[in-house]
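The values are calculated or read from the model by the stated rules, or taken from the named source; none is laboratory data. Everything quoted here is computed from the prediction, not taken from an experiment. Quick reminder, even Gly has a Cβ in these numbers, built from the backbone with ideal geometry, and neighbours come from all protein chains shown. With ligands, DNA and RNA removed, areas are computed over all heavy atoms of the protein, side chains included. Shrake-Rupley method; radii C 1.70, N 1.55, O 1.52, S 1.80 Å.
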Amino acid sequence: MTQHAATPGTPEQALARLMEGNRRFAEGNAVRPELSAHERRALIHAQAPFAAVLGCADSRVPVEIIFDQGLGDLFVVRVAGNVASPGALASLEFAVDALSCRLILVLGHRGCGAVQGALEVPFQPAPDAWTDDRNVEEEGEGPQLPHLLHRIRAGLEALPELTPRELTPAVDANVRAQVTRVRNNPVIARALAAGAVEVVGAFYDTESSEVRKV
């Protein structure tokens, strides 16, 4: 594959392109696709990413790099713990509705500090700001991190006796919980029903540099 590869036409093809790019990266054979000056100028006027990725803000998980993709290939939303917050969901709605992305990938990773933080705080009723996706985060509402940790912890309650030492199962559980939240978004749910998009969970191993499906 080069930077001129055909745009994937199906969610399956989009996922295959991501996984192939990750294989190159993990094996040390990344092509790091770059665009010519003419191609970069074309991106000023329009974008057509083939997939959207909801990833973690962790500096060790740069999405385009680990999937060996270039400018304009991916629509990336990054937030600590790859949480489907109201702002993240709004961005993914745009990716599906306005940009026609065929795939949404929710990407967790080994050693996620946000998931570890959620495991270390006692579970308690929601702090109210993110209990309803109609609520919008606004400046001046106070600290937001407790709401983010609650959103993660709520998806881990089905797992028995988890501790911070058992982090990878918790990361996987958080990915699955966020996939469910993304799939339940009304805009994305309509696209799913029409077969226009698929939502998939994945885990990036920072030790092996490999991505696996969750």
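Check which residues have an amide H placed less than 5 Å from His109's amide H, if you skip close sequence neighbours.
Tyr204
Top to bottom by accessible area (1.4 Å), largest first, where do Glu27, Glu166 land?
Details: Glu27 105, Glu166 80 Å².
The residues order as Glu27, Glu166, largest area first.
Return the FRET efficiency for the residue pair Thr10, Leu145: r is the Cβ-Cβ distance, R0 is 41 Å, and the value is rounded to the nearest 0.05.
The pair Thr10/Leu145 has a calculated efficiency of 0.60.
Ignoring everything but the protein chains, give the 1.4 Å probe accessible area of Glu12 in square angstrom, nearest 10.
Answer for Glu12: close to 130 Å² accessible.
Quick check for you: which residues of segment 61-93 have the amide N under 19 Å from the point 7 Å beyond the Cα of Thr180 toward its beta carbon?
Output list for this probe position: 81-86, 89.
Considering only protein heavy atoms, what per residue accessible area in square angstrom results for segment 63-110 with a 1.4 angstrom probe?
Here the per-residue accessible area is 30 Å².
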